[in-house]
Amino acid sequence: MSKKHKTTITQLKKMKQTSDKIVALTAYDASFARILDGEGIDIILIGDSLGMVIQGHETTIPVSVDDLVYHCKAVAKASQSALLMADLPFMSYTSPDKALHNAARLMQEGGAQMVKLEGGSQQIETVRQLALHGVPVCAHLGLTPQYVHKLGGYRVQGREAQVGLQMLEDAVALQDAGADAVLLECVPVTLASEITMNLDVPTIGIGAGGSCDGQVLVLQDLLGITPNAPRFSKNFMADSNSIADAVNRYIKDVKSGEFPAEQHCFL
Ligand code: KIV
């Protein structure tokens, strides 16, 4: 069922305080955005995962700011209540000025209300600049797909005590610099839980366990049409008779704490 009011970052913070789980999904076009918005999703992420699920690349690296603006525009036309978060793609935020320029494009041309960028302490100045200029920011930690070649593949991040501690410190520093949310991808449940407890801003998890303040999935994974979908995702179409029904079940399962289950998490 559709929500009446636009989700805001103030509301996301309140949802953390009241333990009302935040539910997010990716979308890249108007048709799917209309369904997600109609079912009352809190956040639509126009993610650079579009490089894989829409453009057929093996990574997110070829995605450009123009691509993001194009897909963001389409999503914005069909969504009324969901907060639109758009990714700053690879190499589009190598300096605070460049990040400001490209975030402005995503917001002014694309219609986004928040941008997401990957990386820890190296992004503190960029996040500070964006926040100072009125750009809501989500910081993406853990498995950061734009760093795939540096990380040596798509794998769980933060299992070693030192790496986990650094991630926790980075999350706090990014919040202090002005980040309004932190996305945790493929992070052990205990670490994600510790980060969530130590932040005032909400955490949104993907493969990071049920104690995050919210969850996000790639829409095509939820619809069961991604070949070899990651273990942390779930095919909600399997027990549904329509796309809207699958989205609705996902929202209900996140809100009730049924998703993610143990098999979707990492230790
Ligand atoms: O681009 C994307 O869809 C993402 C999700 C995997 C969180 O960043």
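If you go through segment 143-174 and keep only what is in contact with a Gly (Cβ under 9 Å, 6 or more places away or on another chain) and assigned to a loop (DSSP other than H, G, I, E, B), you end up with Leu143, Thr144, Val156, Gln157, Gly158.
Here Ser233 passes the criteria (1) of a type in the set (Gly, Ala, Ser); (2) crowded, with 23+ Cβ neighbours inside 10 Å; (3) within 11 Å of the ligand (Cβ to nearest atom) except the one numbered (2). Criterion first (within 12 Å of the ligand (Cβ to nearest atom), at pLDDT 95 or above and surrounded by fewer than 24 Cβ atoms within 10 Å (Cβ to Cβ)) does Met107 satisfy it? The answer is no for Met107.
Of all residues in segment 119-142, those being on the phi < 0 side of the Ramachandran plot, within 14 Å of the ligand (Cβ to nearest atom) and surrounded by fewer than 24 Cβ atoms within 10 Å (Cβ to Cβ) number 0. So which residues in segment 1-10 are surrounded by fewer than 17 Cβ atoms within 10 Å (Cβ to Cβ) and within 25 Å of Glu258 (Cβ to Cβ)? Of everything in segment 1-10, those that are surrounded by fewer than 17 Cβ atoms within 10 Å (Cβ to Cβ) and within 25 Å of Glu258 (Cβ to Cβ) turn out to be Met1, Ser2, Lys3.
One line per residue, one yes/no per condition, for (1) modelled with pLDDT under 95; (2) more than 12 Å from the ligand (Cβ to nearest atom); (3) basic (Lys, Arg); (4) part of a helix (DSSP H, G or I):
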residue	(1), (2), (3), (4)
Asp176	no, yes, no, yes
Leu191	no, yes, no, yes
Val201	no, yes, no, no
Ile204	no, no, no, no
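Before we move on, is Asp239 assigned to a loop (DSSP other than H, G, I, E, B), free of Cβ contacts under 8 Å to residues at least 24 places away in the same chain and charged (D, E, K, R)? Against the criterion (assigned to a loop (DSSP other than H, G, I, E, B), free of Cβ contacts under 8 Å to residues at least 24 places away in the same chain and charged (D, E, K, R)), Asp239 qualifies. Contact annotation: residue pairs with Cβ atoms under 7 Å, 6 or more positions apart or on different chains, pairing a residue in segment 54-76 that is acidic (Asp, Glu) with a partner that is open to solvent by less than 30 Å² (accessible area, probe 1.4 Å) and part of a helix (DSSP H, G or I), are Asp67/Leu50. Does segment 213-230 include one or more residues that are away from the ligand (no atom under 12 Å from the Cβ) and assigned to a helix (DSSP H, G or I)? Within segment 213-230 (the criterion being away from the ligand (no atom under 12 Å from the Cβ) and assigned to a helix (DSSP H, G or I)), the answer is no, since none of the residues qualifies. Screening segment 81-126 for residues that are hydrophobic (A, V, I, L, M, F, W, C) and part of a helix (DSSP H, G or I) and picking the one that is farthest from Gly38 (Cα to Cα) gives Ile124.
Kindly provide the set of residues from segment 17-34 that are open to solvent by 50 Å² or more (accessible area, probe 1.4 Å) and either among the polar types (S, T, N, Q) or within 21 Å of Ala244 (Cβ to Cβ) (or both), ordered by number.
Gln17, Thr18, Ser19, Asp29, Ser31, Phe32, Arg34
The values are calculated or read from the model by the stated rules, or taken from the named source; none is laboratory data. All values reported here derive from a predicted model rather than from experimental measurement. Counting neighbours? That spans all protein chains shown, and the Cβs are built from the backbone with ideal geometry, glycine included. To get the accessible areas, we keep the full protein, side chains included, count just its heavy atoms, and leave off ligands, DNA and RNA. Shrake-Rupley method; radii C 1.70, N 1.55, O 1.52, S 1.80 Å.
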